[in-house]
1. Do any GluC sites (Glu not before Pro) in segment 154-237 lie in a loop, going by DSSP, with at most 16 other beta-carbon atoms within 10 Å of their beta carbon, and if so which?
2. So if R0 is 30 Å, what FRET efficiency would residue 198 and residue 144 give, r being the distance between their Cβ atoms, rounded to the nearest 0.05?
3. I need the semi-axes of the equivalent ellipsoid of segment 102-237: take the C-alpha gyration tensor, multiply each eigenvalue by 5, square-root it, list largest first in whole angstrom.
4. What is the gain in length, in nm to one decimal, between residue 38 and residue 160 on full extension, counting 0.36 nm per residue of separation less the C-alpha to C-alpha distance?
5. Using the structure shown, list the pairs from 90/231; 90/158; 107/231; 158/220 with a Cα-Cα distance above 29 Å, or answer none.
6. Once segment 193-237 is represented by equal point scatterers at the alpha-carbon sites, with solvent omitted, what log10 I(q)/I(0) does the Debye formula produce at q = 0.13, 0.22, 0.28 Å⁻¹?
Amino acid sequence: MRLTSKTGKPVARTDKSTVDSFLAELDQRDALATQDNRRPGLIFSLDATASRQAVWTQSSRLVQDMFTHTKGLSELDMQLVFYRGYGECKASGWVDNADSMVAAMAKVTCLAGQTQIGRILKHTATQARSRQVSAAVFIGDCMEENIDALGNLAGQLKLLGVPVFFFQEGNDRTAALAFAQLAKLSGGAHCQFNQASADELGRLLNAVAVYAAGGKSALKQLSARSPGTEKLLQQID
């Protein structure tokens, strides 16, 4: 599924055309990965507004690490979704390898704009109605939308069996309160991180990937040997 701007207002031409052409290439290259909609899927969504530029490259490395930790456990498809700029929100095709995800993220740069978390939650619900989506991840640092409207969408995702794991960069109080509520309503979890706790974020993202691929039992096994990941298990329990 491809999300497009409601306004149609162009962003920087070179960057936008590069992103669009690359996402189209991913759709074609990885079409075979979506033929079996019973494969577990993980939607990895990101706030790509200007405030997050500093951690974008780091996020690419963490995505690679997520796939590494799920090898041998189960097959897992992933989809990248991001928003930025003035009403721009896009999704890649479903992919089954880390290289495609990292390459997709490398084509995206951050651009100033407001949050579009509602569009990401709606997109996740649409995907979950057409294929198996075991979990969704969102990484962001702020929330500028109607919390009640977002809460309704999060509740719909719980009914669809898609817990959302909200990873909050920084300490914005409004975001913290909103993300905690949305995570609870969806059946997921909320964790905060900063530049100094990147390693912990990596472990938690790996834990979500393990959960998406193998379910709660796989997460319990991981929590027994990976310090810090039990906080996710406690919240989803």
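1. On the way: sites: 169, 200, 230; in loops: none.
Here no GluC sites (Glu not before Pro) fit, given the DSSP loop and packing criteria.
2. The pair residue 198/residue 144 has a calculated efficiency of 0.75.
3. Values: eigenvalues 94, 71, 49 Å².
The three semi-axes for segment 102-237 are 22, 19, 16 Å.
4. 42.5 nm
5. Working: 90/231 31 Å; 90/158 23 Å; 107/231 33 Å; 158/220 20 Å.
As for pairs spanning more than 29 Å Cα to Cα, those are 90/231; 107/231.
6. For the requested q values the scattering log ratios are -0.25, -0.67, -0.99.
Bear in mind that the values in this text are calculations on the coordinates, not laboratory data. Note that this is a predicted model, so its numbers are computed, not measured. With ideal geometry, Cβ positions are generated from the backbone for all residues, glycine too; neighbour counts draw on all protein chains shown.
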